[in-house]
1. Using a 10 Å cut-off around each Cβ, can you sort THR235, THR108, THR84 from fewest to most neighbouring Cβ atoms?
2. Can you tell me the order of 53-60, 208-215 when each peptide is scored by its average per-residue count of other Cβ atoms within 10 angstrom, highest first?
3. Cut-off is 10 Å between beta-carbons; in what order do VAL234, VAL191 appear when sorted fewest neighbours first?
4. Taking the Cβ-Cβ separation of SER207 and LEU27 as r and a Förster radius of 35 Å, what is the calculated FRET efficiency to the nearest 0.05?
5. Which order do SER76, SER120, SER171 fall in if you start with the one that has the fewest other Cβ atoms within 10 Å?
6. Would you kindly state how much longer the chain becomes between ARG168 and ALA63 on full extension, computed as 0.36 nm times their sequence separation minus their alpha carbon distance, in nm to one decimal?
7. Can you tell me the FRET efficiency between ARG89 and VAL150 if r is taken as the Cβ-Cβ distance and R0 is 30 Å, rounded to the nearest 0.05?
8. At q = 0.28, 0.32 Å⁻¹, work out log10 I(q)/I(0) for segment 39-84 with the Debye formula, treating every Cα as an identical point scatterer and leaving solvent out; two decimals please.
Amino acid sequence: MVKEQQSHAAVEPEAAAGTPARDSRPLLIVADLDVGLRLLLKQILSAAGYDVRPVESIQAVAAAVHADNPAGLLMSASLAGDQTPALLRSIRARSPAFVIALCADGQTGPPDDLVDDSLSAPFGHDDLVLRIAKAHRRARLRQNKALAFVREGLVIDLTLNDVSLNGRRVSLSRLEFEVLRILAENQGRIVGYDQLLRESWRKPNSSSLNKLRHVIHLLRLKLGQDDRGLSFIVTDSRAGYGLRRSDDERCNRP
């Protein structure tokens with residue numbers, strides 16, 4: 001089901017994901033009858049910065065979602081058979097976790113209102129990790145309802161993927177917007193380097209941190225300064241970056 005392929009979604013082919021500390025890794029439940037596929041997905045997603053728990057039955061899925069509060073669920077569309085819609089409705093009702101259905105080639109996935117995304121085999125490693133990151137972001141937005149950042153002429157609309165400054169649209173690359181989106185979702189606190197790299201990049205690379213610093217530099221140039229002559233983006237050299245939500249010059253560390 002999973003194949004090796006190059007993803008074409010990235011702005012820069014060498015973009016990479018950092019490796020966060022173990023206790024900060026989002027938990028993913030991977031549910032499939034194929035033990036080989038479960039182990040392969042665990043290997044891929046662990047390398048991408050996730051904590052992965054493979055399960056093989058609908059009973060184990062329900063128990064894990066209830067007990068472990070995962071960030072997301074990757075589930076074979078055929079795992080629960082005719083019970084799939086009822087299982088997914090139950091998960092939706094009691095958990096904010098995102099759900100991605102893994103479908104065999106030519107298989108019809110669950111209804112769109114029951115899943116955040118569907119992937120049809122064969123799919124590549126990079127595409128899988130990117131789709132998970134996007135579903136995770138959307139799930140956090142639903143949970144936090146942090147849809148926009150507005151301050152002194154700067155408007156970051158996370159529902160429309162739009163940024164404007166003093167009424168004029170700011171043109172950003174995909175990567176610049178992804179970094180700014182993460183800062184806006186966590187406004188008022190410092191976002192660690194590892195989290196920024198994990199959610200904006202996909203594969204480890206020794207130059208990723210330097211590229212992140214360059215993206216922050218470009219964002220500061222494009223967004224300018226507030227009424228006090230201060231950058232909207234705060235730097236904590238030992239930890240990461242933050243987006244100030246008021247006149248406070250500092251953001252809290254996580």
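1. On the way: THR235 15, THR108 11, THR84 21.
The most exposed by this proxy come first: THR108, THR235, THR84.
2. Values: 53-60: 15.8, 208-215: 17.2.
With the highest mean Cβ count within 10 Å placed first, the list reads 208-215, 53-60.
3. Details: VAL234 19, VAL191 23.
By the 10 Å Cβ count, ascending: VAL234, VAL191.
4. 0.75
5. Least crowded to most crowded, the residues run SER171, SER120, SER76.
6. On the way: separation 105, 0.36 × 105 = 37.80 nm, distance 4.92 nm.
Extra length from ARG168 to ALA63 when fully extended: 32.9 nm.
7. Working: r = 35 Å, r/R0 = 1.18.
My answer for the efficiency is 0.25.
8. -1.14, -1.24
Each reported figure results from applying straightforward, stated rules to the coordinates on display, with no laboratory input. All of these numbers come straight from a predicted model, not from anything done at the bench. Neighbour counts are summed over all protein chains in view; Cβ atoms, including those assigned to glycine, are modelled from backbone coordinates with ideal geometry.
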